[in-house]
Amino acid sequence: MSQDARRIETLAVHAGRTPDPATGAVMPPIYLATNYERDATGACPRGFEYAREGNPNRQMLETSLAALEGGAAAACFASGNAAAAAVFQALTPARHVVIAQDTYYGTAVLLKDIFAAWALEATFVDATDPQAIAAAMRPSTALAWVETPSNPLLSVVDIARAAEIAHAQGARLVVENTLGTPALQRPFEFGADLVVHSTTKFLGGHSDVLGGVVIAKVEDEFFQRIRRVQIVAGAVPSPFDCWLLQRSLKTLPCRVRAQSETALKVARFLAAHKRVERVLYPGLPESPGYLTAKRQMSGFGGVLSFTLKEGPAAAKALPARTRIFTHATSIGGVESLIEHRASAEGPDTRAPQNLVRLSIGLEHPDDLIGDLAQALGDAPPPAPQPVFPGGRLLRSPQASR
Ligand SMILES: *Cc1c(COP(=O)(O)O)cnc(C)c1O
């Protein structure tokens with residue numbers, strides 16, 4: 001395990017970065033080459049041969065991500081789902097996984113639609129209850145998989161308890177840390193064996209690069225198999241995607257801390273609102289996950305959900321009424337987003353039909369709260385502001401969206 005004692009802000013800027021040896025460029029160039037010259041003996045002296053197997057931008061990014069999580073090694077993928085799939089593909093056949101029912105719906109789809117046909121059995125449990133994890137474990141269980149906080153229900157799993165239970169059965173614990181990020185939560189410190197991210201979200205942070213990563217606490221045989229899946233199955237990120245993501249990591253701690261602080265303010269505003277039934281956010285002391293989250297996180301993250309008393313129709317209508325929040329899927333960007341989550345997930349969703357999910361960006365908290373207040377009918381919507389001298393509106397209230 002990496003023993004780098006530097007703080008996360010310092011690691012975010014420096015880990016994996018060396019000035020370009022050829023030119024001295026302070027920030028790395030993008031190495032687009034797919035192949036690398038051999039020496040007289042036929043070897044590739046700098047360690048790079050073919051871009052699916054290795055690329056300098058990907059190597060730098062993996063070094064950065066492993067350092068941020070405090071892990072030994074990382075393998076980057078073309079999407080978060082490709083990263084999750086690589087973990088399942090690395091298992092030997094006829095194994096079993098215990099997985100939190102509140103994981104990202106796409107991970108459940110992956111297990112049900114793809115891996116069930118490959119004899120990988122999955123048991124979905126309420127992972128907020130350690131007894132439920134323990135009861136589902138079998139001799140063939142290879143992994144316990146939890147996501148905390150979860151997307152979009154923000155349920156919190158006690159990582160240390162889940163690790164104890166998994167290890168007692170000889171299984172590994174995988175923690176999806178997409179919502180927490182290493183800026184707020186470091187699962188290896190609580191006993192996790194692998195950390196998985198959709199880097200598309202907070203790590204990328206700007207809604208412009210798709211990616212995923214698996215980070216290992218120890219570079220063991222199982223991680224070597226994940227590495228084989230990465231380079232042989234080949235769902236690798238492009239050099240440009242790696243470069244963009246590494247650029248984003250430098251501001252991760254600052255971004256996520258600000259997003260998390262604003263999310264707490266928005267959560268408090270919504271919790272006091274007469275039209276709101278319930279706010280799902282582990283930072284509220286009345287939230288069921290509050291004490292566990294407080295123990296294992298240094299902030300509660302930039303995503304929250306809430307349900308409306310009037311029901312599904314009101315929840316579906318709300319995203320069309322915001323002016324600063326963009327009505328779009330995904331989370332983790334610098335721009336705030338709003339979505340009726342059940343519509344996005346489809347018929348198998350676990351999200352209540354009256355639930356709205358918010359991803360908090362870097363706008364001023366008062367502007368975001370003001371936008372939600374007007375959308376919820378507390379105040380008339382603000383007059384549209386001309387954006388360009390010609391008077392063209394960036395977004396008019398009548399615009400169909
Ligand atoms: C978005 C997301 C994923 C899937 O990641 P992609 O990059 O879209 O493939 C997985 N887990 C969580 C928690 C997510 O939010």
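The values are calculated or read from the model by the stated rules, or taken from the named source; none is laboratory data. Remember, predicted model here, so these are calculated numbers, not experimental data. Positions of Cβ are generated from backbone atoms using ideal geometry, with glycine treated the same way; all protein chains shown enter the neighbour counts. Accessible surface areas use protein heavy atoms only, side chains included; no ligands, DNA or RNA. Shrake-Rupley method; radii C 1.70, N 1.55, O 1.52, S 1.80 Å.
Per-residue answers, yes or no, for (1) assigned to a helix (DSSP H, G or I); (2) among the β-branched types (V, I, T); (3) more than 24 Å from P182 (Cβ to Cβ):
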position	(1), (2), (3)
T92	no, yes, yes
G106	yes, no, no
I114	yes, yes, yes
S150	no, no, no
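Does T41 satisfy the condition of being over 14 Å from P237 (Cα atoms), within 12 Å of the ligand (Cβ to nearest atom) and among the polar types (S, T, N, Q)? Break it down into steps so the answer makes sense when it comes.
On the way: over 14 Å from P237 (Cα atoms): yes; within 12 Å of the ligand (Cβ to nearest atom): no; among the polar types (S, T, N, Q): yes.
Criteria not met by T41.
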Answer yes if at least one residue in segment 165-172 is under 21 Å from S330 (Cα atoms), open to solvent by 10 Å² or more (accessible area, probe 1.4 Å) and among the small types (G, A, S), and no otherwise. no
Output the number of the condition that L173 fails; it satisfies all remaining conditions of (1) among the hydrophobic types (A, V, I, L, M, F, W, C); (2) in a helix (DSSP H, G or I); (3) in contact with a helix residue (DSSP H, G or I) (Cβ under 7 Å, 6 or more places away or on another chain); (4) without any contact (Cβ under 8 Å) to a residue 40 or more places away in the chain. (2)
Output for Cβ contacts, cut-off 8 Å, separation at least six or different chains, first residue assigned by TED's automatic domain parsing to the domain that holds A271 in segment 343-355, second among the aliphatic types (A, V, I, L, M) and in a loop (DSSP other than H, G, I, E, B), reads E345/A351; R350/L153; A351/L153
Run L304 past the list (1) open to solvent by less than 30 Å² (accessible area, probe 1.4 Å); (2) under 30 Å from R7 (Cα atoms); (3) part of a loop (DSSP other than H, G, I, E, B) and report the number of the one that doesn't hold. (3)
Let me spell it out: the conditions are (1) in contact with a Pro (Cβ under 6 Å, 6 or more places away or on another chain); (2) under 30 Å from A51 (Cβ atoms), and F300 meets all of them except one. Which number is the exception? (2)
Search result, residues across segment 199-239 that are more than 16 Å from the ligand (Cβ to nearest atom) and either modelled with pLDDT under 95 or more than 25 Å from A142 (Cβ to Cβ) (or both): P239
Could you say which residue among A162, A85 is of a type outside the set (V, I, T) and either in the same structural domain as Y290 (by TED's automatic domain parsing) or surrounded by fewer than 22 Cβ atoms within 10 Å (Cβ to Cβ) (or both)? A85
Quick check on P312: is it open to solvent by 50 Å² or more (accessible area, probe 1.4 Å) and either within 16 Å of the ligand (Cβ to nearest atom) or of a type outside the set (D, E, K, R) (or both)? yes
Out of all the residues in segment 187-198, which are open to solvent by less than 30 Å² (accessible area, probe 1.4 Å) and either within 10 Å of the ligand (Cβ to nearest atom) or touching a residue at least 40 places away in the same chain (Cβ under 8 Å) (or both)? P187, F188, L194, V195, V196, H197, S198
Which one of L120, L154 is open to solvent by less than 30 Å² (accessible area, probe 1.4 Å) and touching a Leu at 6+ places or on another chain (Cβ under 6 Å)? L154
Of P28, P21, which residue is open to solvent by 10 Å² or more (accessible area, probe 1.4 Å) and either touching a residue at least 40 places away in the same chain (Cβ under 8 Å) or among the small types (G, A, S) (or both)? P28
Taking segment 315-367 and keeping residues more than 21 Å from the chain's Cα centre (by Cα), open to solvent by 10 Å² or more (accessible area, probe 1.4 Å) and hydrophobic (A, V, I, L, M, F, W, C) leaves A317, A320, I324
Exactly one of A100, A43, A127 is free of Cβ contacts under 8 Å to residues at least 40 places away in the same chain, surrounded by 23 or more Cβ atoms within 10 Å (Cβ to Cβ) and either farther than 23 Å from A15 by Cα or over 24 Å from the mean Cα position of the chain (by Cα) (or both), and that residue is A127
Checking A183, A135 in turn, the sole residue that is open to solvent by 40 Å² or more (accessible area, probe 1.4 Å) and either farther than 27 Å from A342 by Cβ or touching a Pro at 6+ places or on another chain (Cβ under 7 Å) (or both) turns out to be A135
Residue count, segment 116-148, condition assigned to a strand (DSSP E or B), within 16 Å of the ligand (Cβ to nearest atom) and in contact with a helix residue (DSSP H, G or I) (Cβ under 6 Å, 6 or more places away or on another chain), comes to 2
